[in-house]
Amino acid sequence: MDELGVVKLAEIALFGNVFSYHKSMIIMTWIVMAILVLMAIITRKKINLIPSRIQSLFELIIEFLDDITVSTLGKKDGRKFLPLICAVFMFILLSNWISILPNIFRFFGAVIAAGANMFGSELVTFTSWATLEVDPSAWYSFLIKFPNIEEPTKFLATDLGLSIMILIIAHTYGIRQNGIGNYLKGYMGDVWPTTGFWKFIFFLNPFLYMNILGEISNTVSHAFRLFGNIFGGGMIVVIVSSLIHSVIVPVGLLAFFGLFAGIVQAFVFTMLTVTYIAQQKA
Amino acid sequence: MEAITGQELIRAVALLGAGIAMGLGAIGPGIGEGFVAGKACEALGKRPDQSQLITRTMIIGQAISETTGIYSLIVALILIFVV
Amino acid sequence: METITLFSILAAGIAIGLGAIGSAIGEGFIAMKAVEALGRQPNASGKLIRVMIVGQAVTEAAAIFALVVSLILVFYTPEAGESIYKGYYLLSAGLAIGLGTIGAGLGGGLPGGSCMEGIGRQPENSDILTIQMIVGQAVTQTSSIFALTVSLILLSIDPSNDIVKVFAVVGGGLAMGLGAIGPGIGDGLVAKNANLAVGKNPRQMGLLTRTMVIGQAITETTDIYSLVVSLILIFVV
């Protein structure tokens, strides 16, 4: 169960401060982004009236999200936010799905190591019958050390980053839509009068603090919902694999937590994004 | 196990109380919000043309039902960080 | 050493004893509605039984989570010289998963039951009702997944030697366990009514699934507060 407790942090010193970041998260986020950009470029190149397979896949996603945004935000604003919504959905979906890819580097490394052990190599030691340790001087040790393929959404930083981005976008939209005065008035609730003397003691209004706390808790719950589901799902797969000593990869569990829960949570996150933006409209 | 002194005991029980406060406080809003959304789905099945109105009312109703959950959260955070 | 084993066995009992309640009632509810529907539509028995088994399997997930934790706890072997406080961590893990799966089990049963009702009324809608049921049940399992996460974290971290911390950890387990009951049942209620509405008006399935998922996501908010408080109690305090 070591995979759960160990957090591998890399540190960089910048302007006298030390920033630490999660190596695997950064690498996997870049891989996800690279795949998305590549797919977009390939599709863009041979766009056609008779859609190819990949084009029809993207058309399916975009049509589905277009229906949701246009029916919630209206035609003009819905189309304006559609690229954002599509990007959020596809990034989270691919992030959630990427962990079902097997780590072939480590697999080939283990195969080579097992073969070397069979021919009497001193560099490989089997700690139990299914786990092995490789001396770092062996040429294939880099394959064993290849970072885990993990979902970027498994890390709280990615989820909080996304939800804070959406908080800022939604509120900027709200201020633009209603003007700063009406936007601030929205926080006062319907009961507290906003004229004359009452204006100067606005800070006594209990609804003000409730509303501000409500907005903060929206953002926190937005991030933690995705984090908890993906992190929990990944944890279950790891635990069950370690209980059965990784003899069989738990295919059913991966299908449920990787594919199915992944798409449901990506959809939930996207729907809530649309809802939070739409709430600022009124 | 070493003995626990007065001030530590208060801190320890406050932390335990924070857990119980959030735990029990989450039961009611959970069921209540479920009722709201469930009935909203039922209404949508009957009047799909009013989906905008029903969804908006559902979200507002749930936000208000959740108020007691937020109270529990505040009390729990006060017990953890202030007491 | 013996004290930790004592605690781990006690926690294993609590985990599976409480964790089985919800799923058992939920699955019984699905079977009850299936029998009721069979009385109305004996010709659709093949479809009904197939969907019933699918629904019960997803509802079972909550109890399986509790079983996994319980098995880990039963076979827990304390390391030599491990702090006695680890026992409280194990107890807290058992409480979190045991209490936390009650809601998801009960909640998973509700959409299954209403799906049976819908198929009993109109067997030709069985495909879309099954999809709707599985989506609803999958989102309902969120609360038990959170409980499992907290429980597994509690099992794997090293205990602290501070007695105040022990109280905090037990509080964290209770927060997650109790906090998952309500949202689990609430999610189930949402999915149940959405399934009923789809059974009556299958053409509006897209709209209803969308609304159901938003409704369930907002219902889970208090569950997420519990998760946050629990993680603060475990890691920050």
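In degrees between 0 and 90, to the nearest 10, how far off the longest principal axis of chain A does helix A:53-73 point, with axes built from Cα atoms? Value to nearest ten degrees: 30. Taking Cα atoms only, the orientation of helix B:67-81 departs from the longest principal axis of chain B by about 20 degrees. What FRET efficiency would be calculated for the residue pair C:THR5, A:SER121, taking the C-beta separation as r and a Förster radius of 45 Å, to the nearest 0.05? The formula returns an efficiency of 0.65 here.
Here, the range C:2-236 is characterised by an Rg to Rh ratio of 1.08, where Rg is the alpha-carbon radius of gyration and Rh the Kirkwood radius.
The slack in the chain from A:LYS75 to A:PHE207, taken as 0.36 nm per residue of separation less the alpha-carbon distance, amounts to 44.2 nm.
Applying 1/(1 + (r/R0)^6) with r as the Cβ-Cβ distance of A:ILE54 and B:GLN50 and R0 = 35 angstrom yields a FRET efficiency of 0.35. In this simple spin-label model, placing a label point 7 Å from the Cα along the Cα-to-Cβ direction at both C:ASN201 and C:PHE75 gives a separation of 5.1 nm.
Give the average, rounded to an integer, of partner chain Cβ atoms located within 10 angstrom of each Cβ in C:196-208. If you can, show how the numbers build up before the last one.
Numbers: counts 4, 9, 2, 1, 3, 4, 1, 1, 7, 1, 4, 10, 7.
Mean partner shielding for this stretch: 4.
Take every pair of alpha-carbon atoms less than 8 Å apart whose residues are at least six positions apart; their mean separation over the length of chain B yields a relative contact order of 50 percent.
With a cut-off of 18 Å on the backbone N, the residues of the range A:199-227 near the modelled label site 7 Å out from B:THR67 along Cα-Cβ are A:204-218.
Our summary gives the range C:121-227 a relative contact order of 42 percent, counting only alpha carbon pairs under 8 angstrom and 6 or more residues apart. Label positions at A:LYS23 and C:PHE235, each projected 7 Å from the Cα along the C-beta direction, are separated by 2.0 nm. Sorting A:215-223, C:163-171, A:267-275 by their mean Cβ neighbour count within 10 Å, with the most densely packed peptide first, gives C:163-171, A:267-275, A:215-223.
At q = 0.15 Å⁻¹ the log10 of I(q)/I(0) for the range A:43-126 amounts to -0.71, computed by Debye summation with a single uniform scatterer per C-alpha, solvent ignored.
Computed FRET efficiency, Cβ-Cβ of A:ARG44 and B:THR57, R0 45 Å: what is it to the nearest 0.05? Rounded to the nearest 0.05, the efficiency is 0.60.
Based on alpha-carbon centroids, what's the gap between the range C:111-148 and the range A:74-102 in Å, whole number please? Centre-to-centre (Cα) distance: 26 Å. Can you give the accessible area buried between chains C and B, summed over both chains, with a 1.4 Å probe, in Å² to the nearest 100? Summing both sides, the interface buries roughly 3500 Å². Note: relative contact order over chain A, using C-alpha pairs below 8 Å and six or more positions apart, is 22 percent.
Net charge near A:ILE54: determine it from the other residues with C-beta under 13 Å of the C-beta of A:ILE54, scoring Lys and Arg +1 and Asp and Glu -1.
Combined, the nearby Lys, Arg, Asp and Glu give +3.
Taking every alpha-carbon pair in chain B and binning the separations at 5 Å intervals from zero gives 3, 15, 17, 14, 11, 10, 8, 7, 6, 4, 3, 2, 1, 0 percent.
Per residue of A:227-236, what is the mean number of Cβ atoms on other protein chains within 10 angstrom of that residue's Cβ? Let's see the in-between values first.
On the way: counts 3, 12, 8, 1, 4, 13, 4, 1, 7, 8.
The per-residue average across the peptide is 6.
The distance between label points at C:SER45 and A:TRP192 comes to 6.6 nm (points 7 Å beyond Cα on the Cα→Cβ vector). Taking a straight Cα-Cα cut-off under 29 Å and skipping sequence neighbours fewer than 8 places away in the same chain, the lysines within cross-link reach of A:LYS80 are A:LYS45, A:LYS46, A:LYS185, A:LYS281. Please check which bits of the range A:73-109 a label hung off A:MET165 would reach, taking the label as a point 7 Å along Cα-to-C-beta and the cut-off as backbone N under 18 Å. Label zone hits: A:80-98. Take each residue of peptide C:134-140, count the partner chain Cβ atoms within 10 Å of its Cβ, and average: the result is 3.
Projected onto their three principal axes, the Cα atoms of chain A cover extents of 89, 54, 41 Å, largest first. In whole angstrom, how far apart do the alpha carbon centroids of the range B:1-70 and the range C:22-87 sit? The range B:1-70 and the range C:22-87 have Cα centres spaced 25 Å from each other.
Just how many pairs of Lys in chain C have C-alpha atoms closer than 28 Å, counting pairs that are eight or more places apart or on different chains? Don't jump to the answer; show the numbers that get you there.
Working: C:LYS33/C:LYS47; C:LYS33/C:LYS192; C:LYS33/C:LYS200; C:LYS47/C:LYS192; C:LYS47/C:LYS200; C:LYS86/C:LYS165; C:LYS192/C:LYS200.
For chain C, the number of qualifying lysine pairs is 7.
Highest mean packing first, where packing is the average number of other Cβ atoms within 10 Å per residue, the peptides A:58-70, C:135-147 line up as C:135-147, A:58-70. Its alpha carbons give the protein assembly as shown an Rg and a Dmax of 25.4, 90 Å.
For the range A:131-282, what does the equivalent ellipsoid look like in terms of its semi-axes, each the square root of 5 times an eigenvalue of the Cα gyration tensor, given largest first in whole Å?
Over the Cα atoms of the range A:131-282, the semi-axes work out to 48, 16, 14 Å.
To the nearest ten degrees, helix C:2-40 and the longest principal axis of the Cα atoms of chain C are 0 degrees apart.
What does the net charge come to around A:LEU226 if you take all other residues with beta carbon closer than 15 Å to its beta carbon, with K and R at +1 and D and E at -1? The answer is -3.
The values are calculated or read from the model by the stated rules, or taken from the named source; none is laboratory data. Keep in mind it's a predicted model, so treat the numbers as computed, not measured. Cβ sites come from the backbone with ideal geometry, for glycine too, and all protein chains shown count toward neighbours. Surface areas here come from the heavy atoms of the whole protein model, side chains and all, with no ligands, DNA or RNA. Shrake-Rupley method; radii C 1.70, N 1.55, O 1.52, S 1.80 Å.
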